[in-house]
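The values are calculated or read from the model by the stated rules, or taken from the named source; none is laboratory data. Given the structure is predicted, the values throughout are model-derived calculations rather than measurements. Reconstructed Cβ throughout: ideal geometry from the backbone, glycine too, with neighbour counts over all protein chains shown.
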Amino acid sequence: MKPLSFPGMDALSTAVVLLDDQRRVRYVNSAAENLFAVSAKAIVGATLGRMFGDPEPVSGVVDYAAEHKRSYTKHEVVLSVNGASQLALSCTVTPVEVLDVWGYLVEFGALNQQLRIAREERLLDQSARNRELIRNLAHEIKNPLGALRGAAQLLDRELDRPELHEYTQVIMKEADRLQALMDRLLTPHRLPQFVQFNIHEALERVRSLLLAEFPNGIGIRRDYDVSLPPLFADREQIIQTLLNIGRNAAQALRGSGEIVLRSRVARRVTLAKRLYRLAVVVQIVDNGPGIPEELKDKVFFPLVSGREGGTGLGLTLAQTFVSQHHGTIELESRPGSTCFSVLLPIEEARTATTTSN
């Protein structure tokens, strides 16, 4: 049986299988080959039983779509692959006629991928609202803050008793500290300045800064994939992102523990609803107590901190910087292991490089 060709479907991140009216496989895209560990050449012309140990879960969805002559989705289908591993997937079947072949287009989506995409969309939406809230808050605070400092400075000049200068100095120093904080709040609104650099140079900078800030009791281990291609991004924003996450990890260790700086490459990653062939994954892992369950969904919100005296801005700024690069930050945490994974698209870098030339 001659296999069909649909180049556009090979770019999809979801697995797609085309069945004819006899429910024989006529086409599988690259994502389906990877997901089900099959070769298109070997599977075209075969039945669903050749792809799965038990084809009944998919056949049931096809039966419903055929009977009602419309698209139908079942959100949790468990399939056996290679007679061993099982996959929990969503399955959508649509009756179609393609290139004179009448049959069914079957699309599979990994549930964990759908959950990740939904979470990413929520984070992007929350990040946009956070930026607007922070911008308005910073502007509202800056003007009276300047007036407060100016008044304290004038008062300081009029004081006759030297011991009273201590109090006006406290006011001015705290006003300066809050002014610096407001400047940090407004910093993310600067557009990224893209340059090409090695992500490991950024990680080494972060490592040296953390070791200088926490010289005793904390070890930092490298686990780099040296084959990673250069990244095209705002170098200072990426360093600040990794530093904020690394500093959070060091503070969580409370003077004793280990941080791992890890780099890897991810293939066929969907970020901000776009499929990228390659992405850089930077993981910062600590063996501290973990993030409390009630804070896991809020750690990227402004002014939310699990540490006494924390500003709750470090991770908010990190999320904002990464979002500006069409990336995302993922979090996994349990007692003894907290991992922040920063995903940044490499394909975006190549596109930007080509455009700038």
key: Candidate set: segment 20-38, residues that are modelled with pLDDT under 80 and outside any helix (DSSP H, G or I); chosen: the one surrounded by the fewest Cβ atoms within 10 Å (Cβ to Cβ)   = A37
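If I go through segment 239-265 residue by residue, how many of them are of a type in the set (A, V, I, L, M) and surrounded by fewer than 17 Cβ atoms within 10 Å (Cβ to Cβ)?
Start the filter on segment 239-265 by keeping residues that are of a type in the set (A, V, I, L, M), which leaves 239, 242-243, 245, 249-250, 252-253, 259-261, 265.
Keeping just the survivors that are surrounded by fewer than 17 Cβ atoms within 10 Å (Cβ to Cβ) gives 265.
Looking only at that region, the number is 1.
Here is a list: G109, G146. Which entry is under 30 Å from R274 (Cβ atoms), at pLDDT 70 or above and of a type outside the set (S, T, N, Q)? First the steps, then the outcome.
Working: G146 fails: under 30 Å from R274 (Cβ atoms).
Sole residue among the options that is under 30 Å from R274 (Cβ atoms), at pLDDT 70 or above and of a type outside the set (S, T, N, Q): G109.
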message = If G257 satisfies all but one of (1) at pLDDT 90 or above; (2) on the phi < 0 side of the Ramachandran plot, what's the number of the condition it fails?
response = (2)
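At pLDDT below 85, surrounded by 14 or more Cβ atoms within 10 Å (Cβ to Cβ) and outside the structural domain of R268 (by TED's automatic domain parsing) - does that describe any residue in segment 60-72? Can you show your working first?
Residues of segment 60-72 at pLDDT below 85: none.
No, there is no match, as no residue in segment 60-72 is at pLDDT below 85, surrounded by 14 or more Cβ atoms within 10 Å (Cβ to Cβ) and outside the structural domain of R268 (by TED's automatic domain parsing).
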message = Condition first: in contact (Cβ under 8 Å) with a residue 12 or more places away in the chain, over 14 Å from the mean Cα position of the chain (by Cα), surrounded by 18 or more Cβ atoms within 10 Å (Cβ to Cβ) and closer than 19 Å to L210 by Cβ. Can you find one or more residues in segment 292-303 that meet it?
response = no
